[in-house]
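Read the structure below first, then the notes.
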Amino acid sequence: MDLSVDAIKKQIPYYLAERDKEALVKELKKFNSITYYINLYPGVALQGDGWSALGLIRYETGERRQVRGIVLSNSCDIDPKNKSDIPAKLLFAPIIKLRAYASLLEDADISKDKIEGKFNSIRQQRVTTLFYLPKGAGLEDEYIALLDDIHSLPLKVFFEQKDRTKLFTLSLPGFYLFILKLSVHFCRFSEEGVMRS
């Protein structure tokens with residue numbers, strides 16, 4: 001996956017103010033040291049937020065549990081002020097510690113060298129099915145979002161849940177990296193290579 005500044009520049013929306021575009025590009029140029037998180041919007045649910053206590057049901061077993069996750073739904077779709085004719089749902093991907101992912105790879109007999117190479121690619125946001133989340137904000141360790149493990153819960157349930165905690169809100173550069181990863185993961189239009197006519 002190409003995460004060069006030029007590739008990302010092409011994805012910047014036209015409506016972003018010129019000074020915001022310049023600030024974003026400046027941040028993206030120092031990609032390996034960008035600030036992923038901001039300390040704003042503590043009670044608001046936004047796309048790209050990390051939350052604890054998200055309800056997940058395992059298809060294979062029917063088991064229900066509470067997990068940490070990152071919100072995939074558009075911010076406007078989950079805004080409680082936007083009334084919907086049909087009850088809305090919140091889409092999320094679970095997040096797990098990078099170390100836990102290493103254990104899964106070790107259990108699959110992947111060599112330590114190969115795991116270290118995989119971790120380098122993950123940290124550089126080059127793995128399309130994972131979004132890397134560095135330690136910071138409410139994350140005590142490095143995490144990854146599992147973009148190929150999507151779940152939903154009724155929005156009403158999310159807002160009524162008292163034990164949930166906001167773990168982080170992505171900064172502008174962090175948010176654009178997240179959106180780019182979602183776009184590449186779900187919408188590789190030019191790479192599909194299937195004739196549909």
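The values are calculated or read from the model by the stated rules, or taken from the named source; none is laboratory data. Not measured: the values here are computed from a predicted model. All Cβ positions, glycine included, derive from the backbone under ideal geometry; neighbour counts span all protein chains shown.
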Inset, instruction - Starting from the stretch 124-153, keep only residues that are on the phi > 0 side of the Ramachandran plot, then list their pairs with residues that are outside any loop (DSSP other than H, G, I, E, B) and among the aliphatic types (A, V, I, L, M) whose Cβ atoms are within a distance under 9 Å, requiring at least 6 positions of separation or different chains. - result: Q125/L177; Q125/L180; A137/I38; A137/L167
Inset, instruction - Considering only residues that are among the charged types (D, E, K, R) and within 19 Å of R126 (Cα to Cα), look in the stretch 149-194 and name the one that is modelled with the highest pLDDT. - result: D149
Legend entry - Criterion: touching a Lys or Arg at 6+ places or on another chain (Cβ under 9 Å), modelled with pLDDT under 90 and not hydrophobic (A, V, I, L, M, F, W, C) - qualifying residue of G43, G50, G55: G43
Inset, instruction - Might you let me know whether the stretch 93-114 holds any residue that is among the aromatic types (F, W, Y), free of Cβ contacts under 8 Å to residues at least 40 places away in the same chain and surrounded by 18 or more Cβ atoms within 10 Å (Cβ to Cβ)? - result: no
Legend entry - Leading residue by the ranking (nearest to C187 (Cα to Cα)) among those in the stretch 144-163 that are under 18 Å from the mean Cα position of the chain (by Cα) and charged (D, E, K, R): D148
Inset, instruction - Could you grab the pairs with beta carbons closer than 6 Å, sequence gap of 6+ or different chains, first residue in the stretch 73-86 and within 16 Å of G50 (Cβ to Cβ), second one of a type outside the set (S, T, Y)? - result: S73/L90; S73/L91; S75/L46; S75/Q47; I78/A45; I78/L90; I78/L155
Inset, instruction - Name the strands (runs of 3 or more DSSP E) wholly inside the stretch 84-197 in which the number of residues that are closer than 26 Å to S33 by Cα is 1 or more. - result: 89-97, 130-133, 143-146, 166-170
Inset, instruction - Would you mention how many residues in the stretch 68-83 are surrounded by fewer than 18 Cβ atoms within 10 Å (Cβ to Cβ) and assigned to a loop (DSSP other than H, G, I, E, B)? - result: 7
Inset, instruction - Can you confirm whether the stretch 52-67 contains a residue that is closer than 11 Å to T169 by Cα and surrounded by fewer than 16 Cβ atoms within 10 Å (Cβ to Cβ)? - result: no
